[in-house]
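The values are calculated or read from the model by the stated rules, or taken from the named source; none is laboratory data. Predicted model only: the values in this text are computed from it and were never measured. Don't worry about glycine lacking a Cβ; one is built from the backbone with ideal geometry, like all the others, and counts go over all protein chains shown. Calculation scope for accessible area: heavy atoms of the full protein, side chains included, ligands and nucleic acids excluded. Shrake-Rupley method; radii C 1.70, N 1.55, O 1.52, S 1.80 Å.
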2 protein chains.
Amino acid sequence: MKHFTFFVVAVAAIAGLIVLTVPAPGHADAATAPYVTEIPQGYRDWQWVSSAHEAGNLTSLGSVLGNDIAIKAYREGKWPFPDGAIIAALHYKNVPSDENNKIFGKVQSFVPGPPTNIQFMVKDSTKYAATGGWGFGHFQDGKPADAAFMKPCFPCHEKAKATDLVFTRYAP
Amino acid sequence: MKHFTFFVVAVAAIAGLIVLTVPAPGHADAATAPYVTEIPQGYRDWQWVSSAHEAGNLTSLGSVLGNDIAIKAYREGKWPFPDGAIIAALHYKNVPSDENNKIFGKVQSFVPGPPTNIQFMVKDSTKYAATGGWGFGHFQDGKPADAAFMKPCFPCHEKAKATDLVFTRYAP
């Protein structure tokens, strides 16, 4: 009887350990949620979605490009984006163009300066279920950010739930 | 003899009229220089060159796209652009994004508002010899501007002679 009790307790303990270490689907810990660690190939050739100018702390001039699946979804105006859609946000410092301003006669022309970062959203509802179906990526000088840096992406993008977590609209 | 003299004078007069009305190549009157009056097909699908934010009177957020020939030339970093290159500048009102600013917590996000105009530069060194090899185009609500409106394009762009009359640089 003693051996059997020990056996039952051991099994229960092991089962408990398994429950503790394997996250239930959709409940992955934010610190371990998968994100995009490789730059999608050929992004610089994708079609243009829109541009954005960020003032404030970001002071950035950016452009958003989309792969074929993303562009098609944008043009059809339907959410959610299908799996396989990838949206790229190319960011640059917002700098005055001395050349152009000399011709304009005043400081009014701002153009992309040095690249700051490239960000991606990759749709895969299974792989990225923990973060709304989107894998977020951030690259500086070609290198991916770490998990801690990536933590705030999803909670903020989740506020754009009505547009499938995507803030950028298609510019006609 | 009188008939012959009259004939010679008549021919000379007609020749003179022809010389006066047919501009010598490269010396077309600015008011009659050809420009782009039809929107190049498929421009919205072209690849992205760069973005620009114009403050001042223009207050515009824009994006520059290029067809395959233009993009190839840009990436090779060689001037002048070859014949067949077309550069499109899509302009929109620069407007704050209420949606984004609600999430940011302050007014810092600017996005393309209503489209204002689309401009083109089409390279054809023969057809557009009078304007530096480039045909300029300006369209609002799909309609081309008139010749008077187009007059200032070339003299201003000529100031960018070092970069083949093109102000926009390629954003990497």
Notebook entry, point to check: Where the only charges are on Cβ atoms (+1 Lys, Arg; -1 Asp, Glu), what is the dipole of the protein assembly as shown about its Cα centre, to the nearest 20 debye?
Noted result: 240
Note to self: Using only protein heavy atoms and a 1.4 Å probe, how much accessible area in total is buried between A and B, to the nearest 100 Å²?
What the structure shows: 3200
Note to self: Given the whole protein assembly as supplied and a 1.4 Å probe, what does the accessible area of B:Leu90 come to in Å², nearest 10?
What the structure shows: 0
Item checked: Number of partner chain Cβ atoms within 10 Å, mean per residue of A:113-125 -> 0
Item checked: Estimated FRET transfer efficiency (A:Ile69, B:Thr32; beta-carbon r; R0 35 Å; 0.05) -> 0.15
Item checked: In nm, spacing of pseudo-spin labels at B:Asp83 and A:Glu76 (7 Å Cα→C-beta vector) -> 4.3
Notebook entry, point to check: By the gyration tensor of its Cα atoms, with a ≥ b ≥ c the square roots of the eigenvalues, what is the shape of segment B:61-146: rounded for a/c under 1.5, prolate for a/b over b/c, or oblate?
Noted result: oblate
Check: What is the sum of charges around B:Gly62, taking Lys and Arg as +1, Asp and Glu as -1, for the other residues whose C-beta is under 15 Å from the C-beta of B:Gly62?
Finding: +2
Note to self: Rounded to two decimals, what is the ratio between the C-alpha radius of gyration of the protein assembly as shown and 2.2 N^0.38 Å?
What the structure shows: 1.43
Check: So how much accessible area does B:His53 have, in Å² to the nearest 10, using a 1.4 Å probe?
Finding: 20
Next item on the list: Work out from phi, with θ = phi - 60° and the Karplus expression 6.51 cos²θ - 1.76 cosθ + 1.60, the ³J(HN,Hα) of each residue of segment A:122-133, listed in order in whole Hz, and give x for Gly and Pro.
Entry: 10, 8, 7, 5, 8, 4, 10, 4, 5, 10, x, x
Notebook entry, point to check: What is the mean number of Cβ atoms from other protein chains located within 10 Å of the Cβ atom of each residue in peptide A:88-97, rounded to a whole number?
Noted result: 2
Next item on the list: Give me the distance in nm between label points sitting 7 Å out from Cα along the Cα-to-Cβ direction at B:Thr163 and B:Thr5, one decimal.
Entry: 6.4
Check: A:Gln140 label points, 7 Å along Cα→Cβ, one per copy: pairwise distances from this copy to the rest in nm, shortest first?
Finding: 4.4
Next item on the list: Please report, as a whole percent, how much of the solvent-accessible surface of chain B comes from carbon and sulfur atoms (probe radius 1.4 Å).
Entry: 64
Next item on the list: Please work out the Cα center distance from segment A:68-135 to segment B:134-172, rounded to the nearest Å.
Entry: 26
Note to self: Using only DSSP helix segments of four residues or longer, with each worth -39500 (n - 2.57), what per-residue ellipticity at 222 nm results for the protein assembly as shown after dividing by its residue count and rounding to 500?
What the structure shows: -7500 deg cm²/dmol
Check: Just the accessible area per residue of segment A:28-154, please: how many Å² with a 1.4 Å probe?
Finding: 48
